[in-house]
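Q: Pasting in a structure now, in structure tokens, and then I'll have a few things to ask.
The values are calculated or read from the model by the stated rules, or taken from the named source; none is laboratory data. In this text the structure is predicted, and so the values were computed from the model without any measurement. No Cβ is skipped: glycine too gets one built from the backbone with ideal geometry, and neighbour counts run over all protein chains shown.
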Amino acid sequence: MEDASVRESLAETFSYYARELNDVLTVATIESAGVRPEGLANEVFSAFHHIARGLCLAEADAQEEIEKARSTHLKRATLDSYKIAINSFLKEDTKERELLDYMVLVEDFTRYVPDGLKKVQEVKDLSREVKGLYAQAKRLESRGEFTQAIKQYNQALARCYTLRQKVEVFTRDQSYVLATAREAKKDSQRISDRKFTFAMVLITAILSATLTYWIPQWFSGSKSIDEKVSAQYISHPD
């Protein structure tokens, strides 16, 4: 700690944790149902392990250990936090867009949600934008351009919040949710009716085919018996 360069490196590391990692780590934890992902906790633990080694072990190179903590483990925790958070949004987005695709087919959709079709299209366009930013960030990360990748991940995450707000226009409208549920129930009943009709048609076809095959057999069998009786009568008329 007497070395000014060590103090400066340590200050940069703690500053990085506070400015770059802490907020997105919190978001990743919230998106993971309030449970901090184990991999992120391990990265932070490893970072502070390097710091402790650098400051407390005489044989360790303090500057090198602190640099490893920041440039390796804290940076990895930052990148992974962004991916965990964004993946959570995208998973949610997939389910919600499936719901929206169904909603637009519901009768009186535009009456329940003014400009509904336009708003649905905005959701889809924004969803594609988030995925594009996310893909670009991953490509930058794969090339080792971590600073640029983090900036791109940050943009993608910011757009995720906008996307969630746009979807909530539909999901927070209770009257429309109830209307959608009502239509879903009607669809379910129609499907059940179609299944019943199909089953009756199938049973009728099977019975028809069975009777078509066996009735000629029965008549043929009866004819053979009559012929045998007639032949026997002719042979023995008395």
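Q: Among the residues of region 5-17, are any within 18 Å of residue 147 (Cβ to Cβ), surrounded by fewer than 12 Cβ atoms within 10 Å (Cβ to Cβ) and of a type in the set (Gly, Ala, Ser)?
A: yes
Q: So, one more: Scan 20, 43 and give me the residue that is touching a helix residue (DSSP H, G or I) at 6+ places or on another chain (Cβ under 6 Å) and touching a residue at least 60 places away in the same chain (Cβ under 8 Å).
A: The unique qualifying residue is 20.
Q: Follow-up question, since we're still on this one. Mind counting the residues in region 25-74 that are charged (D, E, K, R), farther than 23 Å from residue 156 by Cβ and within 30 Å of the chain's Cα centre (by Cα)?
A: The qualifying residues number 1.
Q: Hey, among 96, 92, 43, 20, which residue is at pLDDT 95 or above and assigned to a helix (DSSP H, G or I)?
A: 43
Q: A further question follows. Within region 80-88, identify whether any single residue is among the charged types (D, E, K, R), in a helix (DSSP H, G or I) and either at pLDDT below 95 or within 28 Å of the chain's Cα centre (by Cα) (or both), and answer yes or no.
A: Yes, there is a match, as at least one residue in region 80-88 is among the charged types (D, E, K, R), in a helix (DSSP H, G or I) and either at pLDDT below 95 or within 28 Å of the chain's Cα centre (by Cα) (or both).
Q: While we're on this one: What is the residue count in region 75-91 for residues that are farther than 24 Å from residue 45 by Cα and either buried (at least 21 other Cβ atoms within 10 Å of the Cβ) or of a type in the set (A, V, I, L, M, F, W, C) (or both)?
A: Summing the residues that are farther than 24 Å from residue 45 by Cα and either buried (at least 21 other Cβ atoms within 10 Å of the Cβ) or of a type in the set (A, V, I, L, M, F, W, C) (or both) in region 75-91 gives 2.
Q: Which one of these does residue 116 not meet: (1) touching a helix residue (DSSP H, G or I) at 6+ places or on another chain (Cβ under 6 Å); (2) at pLDDT 80 or above?
A: If we test residue 116 against (1) touching a helix residue (DSSP H, G or I) at 6+ places or on another chain (Cβ under 6 Å); (2) at pLDDT 80 or above, just (2) comes out false.
Q: Count, please, the residues in region 115-132 that happen to be under 21 Å from residue 79 (Cα atoms) and crowded, with 19+ Cβ neighbours inside 10 Å.
A: Selection size over region 115-132: 2.
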